[in-house]
Amino acid sequence: MASKWRELADKLAEQIRRGDYAPGQRLPHIRELVDAGEGSKATVHAAYKALEAEGLVTSSRGHGTVVRQQVPLKRLGIARYDKAKWRDGDEVAFIADRVASGRTYRRNEQTQTVSRVVAPPEVAAAHGLPEGAEVYARARLVKEGDQPTHTLTSYYRPEHVEGTRLVDPTPGPAGRGGGFRVLYDAGYEIDHMKEQLFARAPTPDEVKQLQLPPGEPVVELHRTTYTADGTVVEFAIGVHAASRFAWEYDFKVPDSARDGEGQQ
């Protein structure tokens, strides 16, 4: 026979899954369920902790226990960088993800700080800079409504971005078309990029900044962006709440043997 808290957790989980509680809606306060005869304070607390561990709710001081958004954002692969989106339109990458997911967005859901800093070792290596060289760091926090989804910090060589909107700390994307359009207008048209993804445990600061529930990992993204001649014009590090994204890649399958034949 299941314990009382497990029975209550299962009951609440079923209510959440069938939509009795909508994403973003607060569950009753512990005292309300105690008064309703659902169990002791310890029982309700244990049930809420179980729901949190299962990824159904988040709990925080001042907000109570809230139902999580269960449908993750679709994180596009190469399609999110389509030049037609940012060069000819105004659909920067995070907006492209929202559009593909059928979700609304506001431009002020991306905020940033800009600073000139000594390049961290991996940033210096990506840009081919010597130790102690300075770069511009453009750090963004992206939200969906009030919930943070990820951070992204782009690092640029000063000679590539000095005097452009990329070093302007005004909230929101860097003007029409975002950062890639700024680089394009400055004569640095992006041609290809390399992305690396890996999961890890979050730092305490990331737990706080991204409002992560206990036990949730993050997915770290490293993006290196090149011009056609191989010049690195951006190295970016993103930290994503793992449950808030679903990565999607659509690409032509290579055939290196046939490609090699054609080069002979």
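Miscellaneous remarks
- Rounded to the nearest Hz, the phi-derived 3J(HN,Hα) couplings of segment 24-36 under the Karplus curve 6.51 cos²θ - 1.76 cosθ + 1.60 (θ = phi - 60°) are x, 7, 7, 6, x, 4, 3, 4, 5, 6, 4, 5, 7, where x marks glycine and proline.
- The modelled label-to-label distance for the pair Q15/A125, using points 7 Å beyond Cα in the direction of Cβ, is 5.1 nm.
- Long-range HN-HN contacts of E134 with modeled amide H, under 5 Å: A119
- Cα-based shape type of segment 19-88, given that a ≥ b ≥ c are square roots of the gyration tensor eigenvalues and the cut on a/c is 1.5: prolate
- Residues whose placed amide H lies under 5 Å from that of T149, excluding near-sequence neighbours: V142, K143, E144
- Taking amide H as placed 1.01 Å from N in the peptide plane, the amide H of Y105 sits under 5 Å from none that are at least 5 places away or on another chain.
- Protein accessible area in segment 1-89, 1.4 Å probe - carbon and sulfur %: 52 percent
- By the rule of a C-alpha distance below 13 Å, with chain neighbours fewer than 8 residues away ignored, the aspartates and glutamates paired with K194 are E234.
- More than 23 angstrom apart: percent of Cα pairs within segment 124-212: 37 percent
- Ranking V207, H29, A228 by Cα position along the charge dipole of the chain, where only Lys, Arg, Asp and Glu carry charges on their C-beta atoms, puts H29 farthest toward the positive end.
- The Cα center of segment 38-107 and the Cα center of segment 114-135 differ in position by 32 Å.
- Probe 1.4 Å, protein heavy atoms only - accessible area per residue of segment 10-165 in square angstrom: 50 Å²
- When the chain is treated as a GNM with alpha-carbon contacts under 10 Å, the residue of L197, L56, L212 showing the greatest mean-square fluctuation is L197.
- Shape of segment 150-264, Cα gyration tensor, a/c cut at 1.5: oblate
- Mean separation of Cα contacts under 8 Å (6+ apart) over length of the chain, as relative contact order %: 17 percent
- Charging the Cβ of each Asp and Glu at -1 and of each Lys and Arg at +1, and nothing else, the dipole of segment 107-166 about its Cα centre rounds to 200 debye.
- Pairs from K4/K41; K49/K74; K11/K41; K83/K143; K11/K74; K74/K143 whose Cα-Cα separation, in the structure shown, is over 22 Å: K49/K74; K83/K143; K11/K74
- Under the Karplus curve 6.51 cos²θ - 1.76 cosθ + 1.60, θ = phi - 60°, whole-Hz ³J(HN,Hα) for segment 115-124, x wherever Gly or Pro sits: 8, 9, 9, 6, 5, x, x, 5, 6, 4
- Within the chain, longest stretch free of exposed chymotrypsin sites (Phe, Trp or Tyr not before Pro) [DSSP loop, at most 14 other beta carbons within 10 Å]: 1-248
- Kirkwood Rh, Cα atoms: Rg over Rh of the chain: 1.07
- The HN-Hα couplings worked out from phi for segment 61-67 by the Karplus form 6.51 cos²θ - 1.76 cosθ + 1.60 (θ = phi - 60°) are 5, x, 10, x, 9, 10, 5 Hz, whole numbers, x standing for Gly and Pro.
- In a reduced charge model with +1 at each Lys and Arg Cβ and -1 at each Asp and Glu Cβ, the chain shows a dipole moment near 920 debye about its Cα centre.
- Rounded to 0.05, the FRET efficiency of the Q196 and A2 pair, given R0 = 51 Å and the Cβ-Cβ distance, is 0.70.
The values are calculated or read from the model by the stated rules, or taken from the named source; none is laboratory data. Since this is a predicted model, take the numbers as computed values, not measurements. A quick note on method: Cβ atoms are made from the backbone with ideal geometry, for glycine too, and the neighbour counts reach across all protein chains shown. These accessible areas exclude ligands, DNA and RNA; they are computed on the full protein's heavy atoms, side chains included. Shrake-Rupley method; radii C 1.70, N 1.55, O 1.52, S 1.80 Å.
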